[in-house]
Amino acid sequence: MSQSHPDPDRPPMLVVFSGPSGVGKDTVIREVKASGFDIHHVVTCTTRPPRAAEIDGRDYYFVSNDEFSRMIAANELLEYADVHGRRYGTPIREVRQAFERRQDALLKIDVQGGLQVKRRIPQAVFVFLAPPTPAGLLARLNRRQTESREELEQRTRDANFELSQRDAYDYVIVNYEDDVASAADELKCVITAERLRVHRQPIDL
Ligand code: 5GP
């Protein structure tokens, strides 16, 4: 997809890309990045340990519980949430730096975090990634043999809550299995259309 010439007077925008855990947000974002689409992907922080092949500062900032608490107390986080027992949050600094370069920022966070950003920055663009059917997502969570029964029940409750929040978003993209390319194209279309808006409220961080 060709990219429109940036309008130097347009305020940079924040795109919040959210959806239930396990719906495939990471895969869609990887596809968008691989296509060379110009947007700054915000690196967030978490207290969970890195998985194999994850790199500090690229995939997440991996921080201790104490450091996370310090960031909350110092008002350094735009939003934060507890996701399946681990803490995740968006450093304001990460978004501010992109805006200073006049780059749009893309934030991939869970639904609780998306709702917090909506209260704080209603002029951001909110995109929800949905599974083809709720039953499909729940079945996928249940197929994974990695969680205990209690964890599975918790994840199912979380998924039901998350799915119920899609109406709070501006756009819904369905992530059909084996068609991540379409979901990535649709996300790029949404961002491109939003870039062409005549009026855009600046974001004060
Ligand atoms: P994972 O541990 O699988 O990388 O991420 C678990 C969930 O946390 C995903 O839904 C992911 O989008 C979400 N997440 C990642 N970073 C943040 C963040 O900064 N804030 C919030 N609220 N959720 C996040």
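The values are calculated or read from the model by the stated rules, or taken from the named source; none is laboratory data. Note that the coordinates shown come from a computational prediction; the quantities given were computed from them, not determined experimentally. Neighbour counts run over all protein chains shown; Cβ positions are idealised from the backbone, glycine included. Side chains included, ligands, DNA and RNA excluded: accessible areas come from the protein's heavy atoms. Shrake-Rupley method; radii C 1.70, N 1.55, O 1.52, S 1.80 Å.
Just a few scattered comments:
- When both segment 77-99 and segment 5-52 are represented by their alpha-carbon centers, they are found 13 Å apart.
- Whichever lysines have a C-alpha closer than 21 Å to that of K118, once near sequence neighbours (fewer than 8 apart) are set aside: K25, K108, K188
- Relative contact order computed over segment 14-195 (Cα-Cα under 8 Å; 6+ residues apart), in percent: 32
- With every protein chain in place and a 1.4 angstrom probe, the accessible-area ranking of E186, E194, E150, largest first, reads E150, E186, E194.
- Span-like helix check, the chain: qualifying full DSSP H segments, with Cα axial length of 18 Å or more and mean Kyte-Doolittle of -1.0 or more, are 180-195.
- Mean projected area (nm²) of the alpha-carbon convex hull when the chain is viewed from all directions: 11.8
- For Y60, nonlocal amide neighbours, meaning residues 5 or more places apart or on other chains whose placed amide H falls under 5 Å from its own, are I55.
- Here the Karplus relation 6.51 cos²θ - 1.76 cosθ + 1.60, evaluated at θ = phi - 60°, turns the backbone of segment 49-63 into coupling constants of x, x, 7, 4, 6, 7, 10, 5, x, 9, 8, 7, 8, 8, 10 Hz, with x for every Gly and Pro.
- Distant-in-sequence amide contacts of H41, defined by a placed amide H-H separation under 5 Å and a gap of 5 or more residues or a different chain, comprise L106.
- Accessible area of segment 46-205 belonging to carbon and sulfur atoms, whole % at 1.4 Å probe: 48
- In segment 1-100, trypsin sites (Lys or Arg not before Pro) in a DSSP loop with at most 11 other beta-carbon atoms within 10 Å: R51, R58
- Computed over Cα pairs, the Kirkwood radius of segment 96-197 leads via Stokes-Einstein (0.692 mPa s, 37 °C) to a diffusion coefficient of 211 µm² per second.
- Amide H within-cut-off set for E79, under 5 Å, with H built and near neighbours excluded: T90
- Relative contact order %, segment 1-77, counting alpha carbon pairs below 8 Å whose residues are six or more apart: 19
- Probe 1.4 Å, accessible area per residue of segment 14-195, Å²: 50
- When +1 charges are put on Lys and Arg Cβ atoms and -1 charges on Asp and Glu Cβ atoms, the dipole computed for the chain relative to its Cα centre reaches about 180 debye.
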